[in-house]
Amino acid sequence: MRFPKHITVLSIGLVGLLTVPALTLTHPSARGRTTAGGAEKTVSDGVRPTASGQDNRSDPAAHGAPTGRPDRSRHDALDPKAADKGAGPEARRTPTLPSRRPLAERFGENEEAEGAASSASMASYIKYSPGWTQTSPKIYVLFWGDWTATGDPYSVANYLTRFYQGVGGSGWNNIQTQYGYNCGSGAIGCANGVRIQNNTNQFKGYAYDNSYLPARPTIAQMEAEAQKAANYWGDRSVNAQYVIALSKGHRDQKSIDRGWCAWHNYTWSSGSPISFTSMPYLPDMGTTCGANKVNAGAAGLLDGVSILAGHEYAESETDPFMNTWMDPDLNENSDKCLQWQYSGYFRNAAFTSGTFAVQPNWSNYHLQTTGNGCQFWG
Ligand SMILES: [Zn+2]
């Protein structure tokens with residue numbers, strides 16, 4: 001395939017074959033970490049964002065526990081292990097793909113609220129509906145617009161790249177391993193299904209697209225860009241996550257209209273649904289979208305970038321096509337734990353690729369066992 005000439009090739013990930021072991025444990029930390037086979041990045045020149053900007057901020061454990069939490073009372077005492085016992089081999093059918101409804105309709109029925117304090121229930125479980133999850137995510141980032149020092153004065157490209165390089169295999173991402181697909185309709189755990197792994201090396205590559213970027217790209221334009229990315233990398237698997245990052249001064253119209261910092265959804269490419277994220281240039285939004293939520297001064301200017309990148313990444317894992325793991329109010333896992341209103345709520349997470357501000361993520365297991373479903377480490 002010929003590459004579109006307006007895309008500069010910098011790094012292309014090789015897609016390895018994945019094996020999915022049968023899993024029976026439910027506690028997130030009970031899983032061994034596995035690595036997707038054969039995945040390795042290649043870099044064609046020296047312009048690749050480097051790890052030189054790595055920070056060594058305070059230990060995550062040094063930060064206080066979330067305070068001022070909403071009521072944590074539980075509705076019931078469902079056991080995530082027991083919830084899946086009825087799922088036999090017949091339940092291991094291929095999940096259904098989403099219907100081809102217009103994106104606008106899907107937005108209306110399953111909205112994101114990444115810009116506002118979440119009022120999501122702290123007492124309700126997220127439940128499985130038959131649909132896919134990303135058990136071995138493969139992350140591709142397309143930097144759209146001007147990503148020179150002029151268009152990226154805060155080195156977001158470097159920071160985002162390092163975040164995605166390290167998120168797989170992190171303790172922060174280990175919470176996700178209690179979820180998966182073929183878990184049984186209505187299940188709150190996935191003991192007998194195919195669970196999310198926590199592989200290292202999930203970042204499969206990035207590229208720059210310096211074609212014209214509108215100040216306020218529409219949903220259709222964001223979809224088209226995600227399709228361009230899918231055409232470029234050629235990965236239309238369930239596990240593919242395409243992140244469309246916008247350079248300084250650019251924010252998609254949907255985010256503006258809804259007051260969102262970022263969002264994820266899916267679109268279609270050659271007959272396959274592809275999961276993608278819209279990532280506006282968040283330093284433009286300042287503290288509204290997380291700047292200095294954890295780290296003071298210049299060190300925290302990009303706190304919101306990793307908080308939102310992690311949020312959309314985790315939701316794309318558990319709900320890539322907007323039809324599975326949600327609570328009764330249609331909140332996805334990360335929606336329940338994006339509590340902007342609490343000071344001291346966010347923390348630094350140490351990845352192999354650096355230290356990044358993150359939000360906690362929703363854990364059915366911890367809701368049941370500790371009463372607190374929002375956890376930083378699995
Ligand atoms: Zn969300």
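The values are calculated or read from the model by the stated rules, or taken from the named source; none is laboratory data. These numbers were taken from a predicted model, which means no experiment stands behind them. Using ideal geometry, Cβ is built from the backbone for each residue, glycine included, and neighbour counts are taken over all protein chains shown.
The set of residues in region 308-341 that are away from the ligand (no atom under 11 Å from the Cβ) and β-branched (Val, Ile, Thr) contains only 324. State yes or no: is residue 365 aromatic (Phe, Trp, Tyr) and within 11 Å of the chain's Cα centre (by Cα)? No; evaluated as a whole, the condition is false for this residue.
Does residue 305 fit the bill of being among the β-branched types (Val, Ile, Thr), at pLDDT 95 or above, away from the ligand (no atom under 12 Å from the Cβ) and in a loop (DSSP other than H, G, I, E, B)? Considered against the rule, which asks whether it is among the β-branched types (Val, Ile, Thr), at pLDDT 95 or above, away from the ligand (no atom under 12 Å from the Cβ) and in a loop (DSSP other than H, G, I, E, B), residue 305 comes out as no.
A quick yes/no check of all residues on (1) polar (S, T, N, Q); (2) over 22 Å from residue 355 (Cβ atoms); (3) assigned to a helix (DSSP H, G or I):
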| position | (1), (2), (3) |
| --- | --- |
| 141 | no, no, no |
| 146 | no, yes, no |
| 162 | no, no, yes |
| 206 | no, no, no |
| 223 | no, yes, yes |
| 232 | no, yes, yes |
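Within region 283-294, the set of residues being under 12 Å from residue 343 (Cα atoms) and in contact (Cβ under 8 Å) with a residue 40 or more places away in the chain comprises 290, 293, 294. Out of curiosity, is residue 141 more than 23 Å from residue 337 (Cβ to Cβ) and buried (at least 24 other Cβ atoms within 10 Å of the Cβ)? Spelling it out, residue 141 is indeed more than 23 Å from residue 337 (Cβ to Cβ) and buried (at least 24 other Cβ atoms within 10 Å of the Cβ).
Scanning region 256-272 for residues that are of a type outside the set (A, V, I, L, M, F, W, C) and surrounded by fewer than 22 Cβ atoms within 10 Å (Cβ to Cβ) yields 257, 258, 259, 267, 269, 270, 271, 272.
When region 361-378 is filtered for residues that are touching a strand residue (DSSP E or B) at 6+ places or on another chain (Cβ under 9 Å), of a type in the set (S, T, N, Q) and over 14 Å from residue 349 (Cβ atoms), the ones remaining, listed by number, are 363, 364.
Could you tell me whether residue 212 is closer than 20 Å to residue 322 by Cα and hydroxyl-bearing (Ser, Thr, Tyr)?
no
For region 206-219, a tally of residues being touching a residue at least 60 places away in the same chain (Cβ under 8 Å) and over 17 Å from residue 282 (Cα atoms) returns 7.
Residues checked against (1) farther than 20 Å from residue 242 by Cβ; (2) free of Cβ contacts under 8 Å to residues at least 12 places away in the same chain; (3) surrounded by fewer than 24 Cβ atoms within 10 Å (Cβ to Cβ):
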residue	(1), (2), (3)
316	no, no, no
327	yes, no, yes
344	yes, no, yes
352	yes, no, yes
358	yes, no, no
369	yes, yes, yes
374	yes, no, no
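Is it the case that residue 364 is within 30 Å of residue 272 (Cβ to Cβ), more than 16 Å from the ligand (Cβ to nearest atom) and either among the polar types (S, T, N, Q) or modelled with pLDDT under 95 (or both)? Answer is yes for this residue.
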